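The values are calculated or read from the model by the stated rules, or taken from the named source; none is laboratory data. Keep in mind that this is a model prediction, so the values were computed, not measured. Cβ atoms come from the backbone with ideal geometry, glycine included; neighbour counts cover every protein chain shown.
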Amino acid sequence: MSTFQELGVIPEIQRAVTELGFEQPMPVQSEVIPRLLAHTRDIIALAQTGTGKTAAFGIPVIQKINVKQLTPQTLILCPTRELCLQIAGDLTDFSTYVEDIKILPVYGGSSIDSQIRTLKRGVHIIVATPGRLIDLIKRKTVSLGDVHTMVLDEADEMLNMGFSEDIDEILSHLPDSRSMLLFSATMPKEIEKITRKYMKEPMEITIGRKNEGAENVRHLYFMVHARDKYLALKRIVDYYPNIYGIIFCRTRKETQEIADKLMQDGYDADALHGDLSQAQRDYVMSKYRNHNLQLLVATDVAARGLDVDDVTHIINFGLPDDYEIYTHRSGRTGRAGKTGTSIAIIHTKEKGKVTQIEKLINKKFEKRELPKGDLICEKQLFNFVDKIEKVKVNEAEIERLLPSIFRKLEWLEKEDIIKRMVSLEFNRLIEYYQQAEEIDEPKEGSSRGQKGEYGGKRGNDRDGGSRQPEKGYARLFINVGKMDGINPAMLMGFINDHVKGKVPIGRIDLLKSFSFFEVPEELAPRVVKSFKGMYVDERKLQVHLAQEEDQAAKGKKKKFYENDFGGKGKKKKTRY
Ligand code: AMP
């Protein structure tokens with residue numbers, strides 16, 4: 001294992017990083033630092049966040065600055081304001097003992113005037129988000145003609161966020177002789193395109209294996225009915241009393257809803273998403289960073305750039321459609337030599353995603369059963385007892401009160417006091433879990449009967465549409481279900497009453513507000529036609545192929561389904 005000195009790092013920077021607690025270079029640093037110092041080739045570094053990549057490019061970049069020449073010599077592009085500030089802060093730390101080096105973070109959402117003033121005074125290193133930099137270029141307040149080193153950090157994320165054209169634009173203002181260093185956690189095709197377009201015979205360095213998740217992260221999944229996802233989340237959080245976690249949701253709305261519910265249920269949680277103002281986001285992030293918040297419920301985009309090293313658990317409240325996002329999420333735990341756990345709470349239809357992600361990260365997920373109530377109580381209890389053992393007693397503060405407290409409790413035995421203390425803390429939790437129904441696990445492959453996501457409103461109980469029909473049969477959807485008081489025999493009678501000729505009916509799946517039934521393929525068009533334009537009470541009947549239903553469910557087609565059958569007056573509609 002090499003030292004920073006052996007890598008060619010100057011004593012001033014060695015001193016600064018030693019003070020930061022860096023004893024030895026991390027692998028990405030050993031690979032990148034000497035190469036960048038030698039300035040021989042462009043470099044592509046496949047490295048996850050948390051591998052020490054900021055110092056890998058930050059240290060040589062600082063070392064290569066000619067402080068006497070007060071023009072931008074290095075440009076670092078990154079996707080978010082938070083990351084921009086983080087990088088600029090880290091570089092400032094590494095250059096504590098390098099005199100007169102000027103580093104400027106340039107990002108949207110803060111005063112452009114003060115950035116322009118600083119630029120006028122002269123800077124050596126610019127750390128920028130693309131939008132604001134382009135703004136400054138257009139105002140001709142920044143000149144990039146002397147930039148000899150360009151770093152593209154979290155390149156995959158920049159493309160995800162739609163910065164591709166901005167990057168093109170910025171690169172056109174740099175001299176051709178500049179060297180380029182690209183960091184990315186993953187290597188999608190779009191990044192390969194960039195590297196072909198802008199890099200000269202780049203050298204590729206892979207820290208860990210390509211597209212592999214961080215080594216020290218365990219991946220678990222819990223499979224539940226969609227309606228039980230929130231209850232499952234609570235159980236998981238309860239099972240890990242010392243969790244310091246991020247819960248990822250797909251949409252801003254879902255993020256806020258989950259955070260609200262957790263807060264209502266007494267958890268130390270808050271939301272982070274794009275509907276909040278910058279000031280609100282800053283507040284939540286700083287609360288979380290300072291450990292004044294245990295659970296951050298976030299969207300992927302809003303959590304970008306939140307750089308926290310000791311996240312213990314990532315919880316995926318459902319899996320993302322873009323599997324690479326999963327690697328970003330799980331890369332937020334297990335950092336800086338610590339171990340971490342990435343948990344996915346999924347419903348049966350997402351099992352396929354687990355397999356795909358396993359291929360991408362080259363690691364297996366462990367399937368777990370939700371912890372039972374008594375186990376959770378036991379875990380919490382022992383954690384509490386552990387805290388009692390370890391709590392720092394502030395003798396000076398309580399000394400005055402102790403004699404009267406001892407007198408008051410004198411009549412109790414030690415065992416009684418312990419029992420009472422524990423009951424005080426735990427009666428509510430124990431009661432909750434005594435009354436809570438166990439959450440049953442859905443059978444794999446069965447995806448019928450899914451209800452609303454948080455155990456609430458009627459939800460997507462239409463999943464049965466994706467079942468394959470028997471050979472020679474077509475599977476049809478009809479918008480009547482158990483809620484309408486029908487049973488299979490009634491449904492068969494209903495069909496045969498309205499379709500000319502005898503129709504053999506195969507499998508029937510009755511769901512809450514609609515159903516599926518199978519008829520011989522050749523008869524399906526006739527059955528569908530027979531119900532066209534038919535009303536039952538005031539409600540228009542819909543009968544069509546189940547695959548169409550499935551497509552609608554996947555959002556390929558916008559579709560409305562009636563929610564109540566036979567109801568008079570205003571019709572309720574649920575949009576999917
Ligand atoms: P990064 O991948 O740049 O986000 O770095 C992850 C974390 O590792 C940061 O908190 C760094 O301060 C820390 N770090 C970076 N290099 C080293 C090192 N050589 N030794 C110990 N910690 C480091």
Item to check | Residues of the stretch 35-58 satisfying the condition of being outside any helix (DSSP H, G or I) and near the ligand (Cβ under 6 Å from one of its atoms) | outcome: 49, 50, 51, 52
Item to check | Selected residue [without any contact (Cβ under 8 Å) to a residue 60 or more places away in the chain and of a type in the set (Lys, Arg)] from 117, 81 | outcome: 117
Checklist entry - Can you name every residue in the stretch 285-312 that is farther than 15 Å from residue 50 by Cβ, surrounded by fewer than 22 Cβ atoms within 10 Å (Cβ to Cβ) and either in contact (Cβ under 8 Å) with a residue 60 or more places away in the chain or hydrophobic (A, V, I, L, M, F, W, C) (or both)? => result 293, 301
Checklist entry - Can you name the helices (runs of 4 or more DSSP H) wholly within the stretch 477-576 that have at least 2 residues being at pLDDT 80 or above and out of contact with any Gly (no Cβ under 6 Å at 6 or more places or on another chain)? => result 488-498, 524-531
Checklist outcome for this item: Of the candidates 118, 54, 96, 71, the one satisfying the condition of being over 26 Å from residue 15 (Cβ atoms), of a type in the set (Ser, Thr, Tyr) and in contact with an Asp or Glu (Cβ under 9 Å, 6 or more places away or on another chain) is 71
Checklist entry - Is it true that residue 279 is under 16 Å from the mean Cα position of the chain (by Cα) and of a type outside the set (Val, Ile, Thr)? => result no
Checklist outcome for this item: Out of (1) away from the ligand (no atom under 13 Å from the Cβ); (2) crowded, with 23+ Cβ neighbours inside 10 Å, the one residue 67 does not meet is (2)
Next on the checklist: Pairs needed: first member in the stretch 50-64, touching a residue at least 12 places away in the same chain (Cβ under 8 Å) and closer than 12 Å to residue 26 by Cα; second member anywhere, more than 6 Å from the ligand (Cβ to nearest atom) and basic (Lys, Arg); C-beta distance under 8 Å; at least 6 residues apart or different chains.
Outcome noted: 50/332
Checklist entry - Taking the stretch 467-476 as the search range and keeping residues that are at pLDDT below 80 and surrounded by 17 or more Cβ atoms within 10 Å (Cβ to Cβ), which one is nearest to residue 226 (Cα to Cα)? => result 467
Checklist entry - Only one of these conditions is not met by residue 97: (1) over 30 Å from the mean Cα position of the chain (by Cα); (2) surrounded by fewer than 18 Cβ atoms within 10 Å (Cβ to Cβ); (3) within 12 Å of the ligand (Cβ to nearest atom). Which number is it? => result (3)
Item to check | Hits in the stretch 90-105 (condition: touching a residue at least 12 places away in the same chain (Cβ under 8 Å) and not hydrophobic (A, V, I, L, M, F, W, C)) | outcome: 90, 93, 95, 96, 97, 99, 100, 102, 105
Next on the checklist: Checking the conditions here, which among 83, 91 is within 16 Å of the ligand (Cβ to nearest atom), modelled with pLDDT under 90, in a helix (DSSP H, G or I) and in contact with a Gly (Cβ under 6 Å, 6 or more places away or on another chain)?
Outcome noted: 83
Checklist outcome for this item: Filter the stretch 301-317 for residues that are at pLDDT 85 or above and within 9 Å of the chain's Cα centre (by Cα); the one that is nearest to the ligand (Cβ to nearest atom) is 303
Checklist outcome for this item: If we keep only residues of the stretch 18-34 that are part of a helix (DSSP H, G or I) and under 14 Å from residue 53 (Cα atoms), then the residue farthest from the ligand (Cβ to nearest atom) is 34
Next on the checklist: I'd like to verify a number: residues in the stretch 1-17 that are part of a loop (DSSP other than H, G, I, E, B), in contact (Cβ under 8 Å) with a residue 40 or more places away in the chain and either more than 22 Å from residue 183 (Cβ to Cβ) or within 10 Å of the ligand (Cβ to nearest atom) (or both), how many?
Outcome noted: 2
Next on the checklist: Go through (1) within 16 Å of the ligand (Cβ to nearest atom); (2) at pLDDT 95 or above; (3) surrounded by fewer than 22 Cβ atoms within 10 Å (Cβ to Cβ) for residue 62 and report which single condition fails.
Outcome noted: (3)
Checklist entry - In this structure, does residue 109 turn out to be assigned to a loop (DSSP other than H, G, I, E, B), exposed (fewer than 15 other Cβ atoms within 10 Å of the Cβ) and without any contact (Cβ under 8 Å) to a residue 12 or more places away in the chain? => result no
